[in-house]
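Single-structure report; data block below.
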Amino acid sequence: RMQLKPIVLADMTAVYGISFEFGGKMGIGLISIIIGIITILIDQITKALIVSNLYRDEVVLIDKILSFTYVENYGAAWGIFNKYDILLKILIPIFILVIIVFLIKSKPTKFETFAGSLVVGGAIGNYIDRLIRGYVVDFIDFKFWPVFNFADICIVVGCIMLVISLIRRENNDEN
């Protein structure tokens, strides 16, 4: 049996999701947290591997198309706002909270919950870098695009998924 309801965590925050009952309860809120943690772990592990093996170096994967290139990103996406470190350290947690509150208040579908988990996990992964290193480690280098990392992929994919879902919601509401 499935029910949509809030799941309150130990710190009194709520993750809104679908709970599944199989003799006990396992909520999508817990699954969302697991997805977020897995996203953060993959992001931090890949960055640690790049920092320890590729510091200020490059490994060409496909000549003139794709390489792993160590880059220190002091800004936000694509290096914008690179002189506003303090502002980013304040705005990023607010962005994370806005996404979480949006998901709680909007009665999300499984699709939206998964998308939100990717966005939040990716944002937290990059925020960890910003707090620990003072910059975000980027390394995936398509020569025609700014260098990015796994967390960036999760944020972009999650945002695209959320936009698609919101468009579908609006179309369903109009019909």
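The values are calculated or read from the model by the stated rules, or taken from the named source; none is laboratory data. Computed from a predicted model, the values in this text were never measured in an experiment. Please note: Cβ atoms are built from the backbone with ideal geometry, for glycine as well, and neighbour counts cover all protein chains shown. Please note that ligands, DNA and RNA were not included when accessible areas were found on the heavy atoms of the full protein model with its side chains. Shrake-Rupley method; radii C 1.70, N 1.55, O 1.52, S 1.80 Å.
Structure data summary
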{"item": "Given (1) of a type outside the set (D, E, K, R); (2) part of a helix (DSSP H, G or I); (3) modelled with pLDDT under 90; (4) within 19 Å of the chain's Cα centre (by Cα), number of the condition I45 does not satisfy", "result": "(3)"}
{"item": "Pair list, Cβ under 6 Å, 6 or more apart: segment 95-116 residue among the polar types (S, T, N, Q), other residue buried (at least 19 other Cβ atoms within 10 Å of the Cβ) and modelled with pLDDT under 90", "result": "T113/G17; T113/I28; T113/S32"}
{"item": "Tally of residues being surrounded by fewer than 11 Cβ atoms within 10 Å (Cβ to Cβ) and in a loop (DSSP other than H, G, I, E, B) across segment 58-77", "result": "2"}
{"item": "Residues (at pLDDT 85 or above and open to solvent by 80 Å² or more (accessible area, probe 1.4 Å)) located in segment 92-105", "result": "I94, F95, L97, V98"}
{"item": "When residues of segment 28-41 are limited to those that are crowded, with 16+ Cβ neighbours inside 10 Å and within 16 Å of I155 (Cβ to Cβ), the one modelled with the lowest pLDDT", "result": "S32"}
{"item": "Selected residue (only one of D152, D138 is part of a helix (DSSP H, G or I) and at negative phi)", "result": "D152"}
